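Novice: Before I ask anything, let me first share the structure, which is written out below as structure tokens.
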Amino acid sequence: MKRYEVSGFGVMEYEEVASTNSLAEKLPLSELKDKQVILTWRQTQGRGQATNRWESAPGKNISMTVIFRPECLEAGKQFAVSMVIALGACDFISRYVSGCSVKWPNDIYVEGVTVKWPNDVYVGERKISGILIEHRVAGAHIQSSLCGIGVNINQEQFLSDAPNPVSFFQLLGRELPLQEVLEELLECIGKRYEQIHRYAELENDFLRHMYRSTGIYDFEDERGIFRASVGGIDEYGQLILKDTDGRERVYAFKEVRYVC
């Protein structure tokens, strides 16, 4: 394991781990410092939301857990942490692909960087980054947040049954130096972390970056398919939808899905 500093973050780099979030969970709280990173270039059992797995070819992508220990962040505003990570990822990705237009098979054009609720980062209709946030709460405040993030950088092809992954290599047609893009990504996340106690400011930026934030689309819950527009996100990260009958619907993760 190597230790070094990058863009104001302390990095613990491992040659290979099963999951950076799982490793972070095993560390005693005394070893979890604010703005600490557990990084690996070879993650063998990357975790996604719920029971999902994250595919990452060895030595090709960024797989890491960012640890935050924000002072006096209320548990009721825990979604601020998710917004910091997601917006930081968007800021970084936009440096390379914002405004580009790539002709995909079947004439699909890829452009624009958005966050698909709750915290997948998309370029067009393709997923380039996944985020997994796990909090430890003490009383009324967040004690620590383990922010797992995977970004597809130099992967040339994807072998899992995930429906729509994409990488920088596929978008740009060239490899990027991993150490340099790591520095840029952490720089962007660090700047967003400075907003951690400015919830309304983060929320406004997050809503502007939301996938399908304008217009009416099909969604599906346990009762079936309905049409609605995105109304926002509450402080717990639940999705607020406004259906075509004028009713407000609020959903936790996995309670509703976008219909293509």
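The values are calculated or read from the model by the stated rules, or taken from the named source; none is laboratory data. Keep in mind that what you see is a predicted model, and the values were worked out from it rather than measured. Here the Cβ positions follow ideal geometry from the backbone for every residue, glycine too, while neighbour counts run over all protein chains shown. Ligands, DNA and RNA are stripped out before the accessible areas are found, and what is left, the full protein with its side chains, is counted by its heavy atoms. Shrake-Rupley method; radii C 1.70, N 1.55, O 1.52, S 1.80 Å.
Novice: Just to check your reading of the model, which residue among Lys103, Lys77 is modelled with pLDDT under 90 and either under 28 Å from His197 (Cα atoms) or open to solvent by 40 Å² or more (accessible area, probe 1.4 Å) (or both)?
Specialist: After applying the criteria, what remains is Lys103.
Novice: Does the range 171-179 include one or more residues that are at pLDDT 95 or above and open to solvent by less than 50 Å² (accessible area, probe 1.4 Å)?
Specialist: There is at least one residue in the range 171-179 that is at pLDDT 95 or above and open to solvent by less than 50 Å² (accessible area, probe 1.4 Å).
Novice: Now a separate question. Report the residue count in the range 204-222 for those that are under 21 Å from Asp91 (Cβ atoms) and open to solvent by less than 30 Å² (accessible area, probe 1.4 Å).
Specialist: Summing the residues that are under 21 Å from Asp91 (Cβ atoms) and open to solvent by less than 30 Å² (accessible area, probe 1.4 Å) in the range 204-222 gives 4.
Novice: Oh, and also: When residues of the range 12-41 are filtered for being of a type in the set (A, V, I, L, M, F, W, C), under 22 Å from Arg192 (Cβ atoms), within 19 Å of the chain's Cα centre (by Cα) and outside any helix (DSSP H, G or I), how many remain?
Specialist: Counting residues in the range 12-41 that are of a type in the set (A, V, I, L, M, F, W, C), under 22 Å from Arg192 (Cβ atoms), within 19 Å of the chain's Cα centre (by Cα) and outside any helix (DSSP H, G or I) gives 3.
Novice: Can you list residue pairs whose Cβ atoms sit under 8 Å apart, with the first residue in the range 223-234 being over 18 Å from Ala252 (Cβ atoms) and open to solvent by 40 Å² or more (accessible area, probe 1.4 Å) and the second being in a strand (DSSP E or B) and among the aromatic types (Phe, Trp, Tyr)? Count only pairs 6 or more apart in sequence or on different chains.
Specialist: Sorted first by the residue in the range 223-234, then by its partner, the pairs are Ile225/Phe219; Arg227/Tyr217; Arg227/Phe219.
Novice: Being open to solvent by less than 20 Å² (accessible area, probe 1.4 Å) and either part of a loop (DSSP other than H, G, I, E, B) or without any contact (Cβ under 8 Å) to a residue 40 or more places away in the chain (or both) is the filter here, so list the residues in the range 235-258 that pass it.
Specialist: Across the range 235-258, the qualifying residues are Gly237, Leu241, Asp243, Tyr251, Val256.
This table checks each residue for (1) at pLDDT 90 or above; (2) in contact with a strand residue (DSSP E or B) (Cβ under 6 Å, 6 or more places away or on another chain); (3) open to solvent by 40 Å² or more (accessible area, probe 1.4 Å).
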site	(1), (2), (3)
Asn119	no, yes, no
Lys127	yes, yes, yes
Asn154	yes, no, no
Pro165	yes, yes, no
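Novice: So Val113 passes all but one of these: (1) modelled with pLDDT of 95 or more; (2) within 23 Å of Glu180 (Cβ to Cβ). Which condition number does it fail?
Specialist: The single condition Val113 does not satisfy is (1).
Novice: Find the residue count for the range 1-57, including only residues that are among the hydroxyl-bearing types (Ser, Thr, Tyr), at pLDDT 90 or above and over 16 Å from Ile85 (Cβ atoms). Step through it out loud before you land on a result.
Specialist: Applying the first criterion (among the hydroxyl-bearing types (Ser, Thr, Tyr)) to the range 1-57 yields 4, 7, 14, 19-20, 22, 30, 40, 44, 51, 56.
With at pLDDT 90 or above added as a condition, the list becomes 4, 7, 14, 19-20, 22, 40.
Among the residues that remain, those that are also over 16 Å from Ile85 (Cβ atoms) are: 4, 14, 19, 22, 40.
Of the residues in that region, 5 qualify.
Novice: Moving on. Kindly establish whether Ala200 is part of a loop (DSSP other than H, G, I, E, B) and open to solvent by 40 Å² or more (accessible area, probe 1.4 Å).
Specialist: Details: part of a loop (DSSP other than H, G, I, E, B): no; open to solvent by 40 Å² or more (accessible area, probe 1.4 Å): yes.
For Ala200, the condition - part of a loop (DSSP other than H, G, I, E, B) and open to solvent by 40 Å² or more (accessible area, probe 1.4 Å) - is not met.
Novice: Among the numbered criteria (1) open to solvent by 10 Å² or more (accessible area, probe 1.4 Å); (2) modelled with pLDDT of 90 or more; (3) within 14 Å of the chain's Cα centre (by Cα), which one does Leu87 miss?
Specialist: (1)
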